[in-house]
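All remarks here apply to the structure that follows.
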């Protein structure tokens, strides 16, 4: 859905303003004043939740541009030096890049990411999964998150704040027309990866639905380890198997949660979780290798890698 001023015709094709490296660096540096990378000359129609310090762009190889009516192809998330009142979210780009690559190397459906250096900043380029090829042109796919589909405002994205429980999410996905097995597998992956990397922010808005044209689960996205930042809460977005704190969620809690929420047979849930755990452990080496080869290795990556290989035993302790 495109919203325009009364009397104005929505732009169908749109245009792209291609940027030089210096212009792109300037747009990124100006994100606090001009969210999504806009300025007063390009009237971007983009809509993006949590838009501050994120940028929508069209990426064609090394070229990066700002869309005006045209569908964007990527989200750009730059690394920021925290201010005096901000949580110390150091190496956040490397954090998300590692967690996303970890899931990718484990064979899960996850958005593609790449780290580039723009000016003096590392920037995470996230390929949009709500896009498709339409005879050689980029076209939008309708997408909504589980909180939207469940009728919850962004302020209620956490279960303890009146948001959806895992059972509510499962029922919401069922109503959208997603098959029962796909719901169970998708929730098992989301909950277990969050537990392994200790991501307390894997809430209902980070579980997406794509209409292509039939409803299906979107790839995993926004995977980060929150436990590596002491200023952030350890309270998980969902109660998982009776556990609220992210560092207490082990494989048993994940199985209980999925059996209860998605009505998956317990033996199947245990077998799938054992397989997923083994794949995550094996994927750590490849994800760490990506960080070294591509130049975004950091102490945060080492810390998260240790978390993953020690899960679920760590949570049981």
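Brief remarks follow.
- Of the set (1) surrounded by fewer than 16 Cβ atoms within 10 Å (Cβ to Cβ); (2) at pLDDT 95 or above; (3) closer than 21 Å to residue 213 by Cα, all apply to residue 107 but (3).
- The lone exception for residue 177 - which of (1) closer than 26 Å to residue 99 by Cα; (2) touching a strand residue (DSSP E or B) at 6+ places or on another chain (Cβ under 8 Å) it fails: (1)
- Here 153, 166, 141 are screened, and the one residue that is over 15 Å from the mean Cα position of the chain (by Cα) and surrounded by 21 or more Cβ atoms within 10 Å (Cβ to Cβ) is 166.
- Failed criterion for residue 158 (all others in (1) at pLDDT below 95; (2) surrounded by 13 or more Cβ atoms within 10 Å (Cβ to Cβ); (3) over 16 Å from the mean Cα position of the chain (by Cα) hold): (3)
- Qualifying residue in segment 57-73 (condition: on the phi > 0 side of the Ramachandran plot, loosely packed, with under 15 Cβ neighbours inside 10 Å and either at pLDDT 65 or above or outside the structural domain of residue 204 (by TED's automatic domain parsing) (or both)): yes
- Residue that is surrounded by the fewest Cβ atoms within 10 Å (Cβ to Cβ) [pool: residues in segment 110-127 that are part of a loop (DSSP other than H, G, I, E, B) and either modelled with pLDDT under 95 or in the same structural domain as residue 196 (by TED's automatic domain parsing) (or both)]: 120
- Filtered residues of segment 195-225 (kept if free of Cβ contacts under 8 Å to residues at least 60 places away in the same chain, under 26 Å from residue 309 (Cβ atoms) and touching a helix residue (DSSP H, G or I) at 6+ places or on another chain (Cβ under 7 Å)): 200, 202
- Failed item in (1) modelled with pLDDT of 95 or more; (2) closer than 23 Å to residue 303 by Cβ, with residue 229 passing the rest: (1)
- Which numbered condition residue 206 misses (of (1) surrounded by 14 or more Cβ atoms within 10 Å (Cβ to Cβ); (2) outside the structural domain of residue 157 (by TED's automatic domain parsing); (3) in contact with a strand residue (DSSP E or B) (Cβ under 8 Å, 6 or more places away or on another chain)): (2)
- Scoring residue 14 on the criteria (1) under 20 Å from residue 139 (Cβ atoms); (2) modelled with pLDDT of 95 or more leaves a single failure, condition (2).
- Flag if residue 250 is touching a residue at least 60 places away in the same chain (Cβ under 8 Å), touching a helix residue (DSSP H, G or I) at 6+ places or on another chain (Cβ under 7 Å) and within 23 Å of residue 156 (Cα to Cα): no
Yes/no matrix, rows are residues, columns are (1) touching a helix residue (DSSP H, G or I) at 6+ places or on another chain (Cβ under 8 Å); (2) within 13 Å of residue 206 (Cβ to Cβ); (3) modelled with pLDDT of 95 or more:
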{"residue": "144", "(1), (2), (3)": "no, yes, yes"}
{"residue": "154", "(1), (2), (3)": "yes, yes, no"}
{"residue": "164", "(1), (2), (3)": "yes, yes, yes"}
{"residue": "167", "(1), (2), (3)": "yes, no, yes"}
{"residue": "173", "(1), (2), (3)": "yes, no, yes"}
{"residue": "176", "(1), (2), (3)": "yes, no, yes"}
{"residue": "181", "(1), (2), (3)": "no, no, yes"}
{"residue": "184", "(1), (2), (3)": "yes, no, yes"}
{"residue": "192", "(1), (2), (3)": "yes, no, yes"}
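The values are calculated or read from the model by the stated rules, or taken from the named source; none is laboratory data. Model, not experiment: these values are computed from the prediction. All Cβ positions, even for glycine, are placed from backbone atoms using ideal geometry, and neighbour counts span all protein chains on display.
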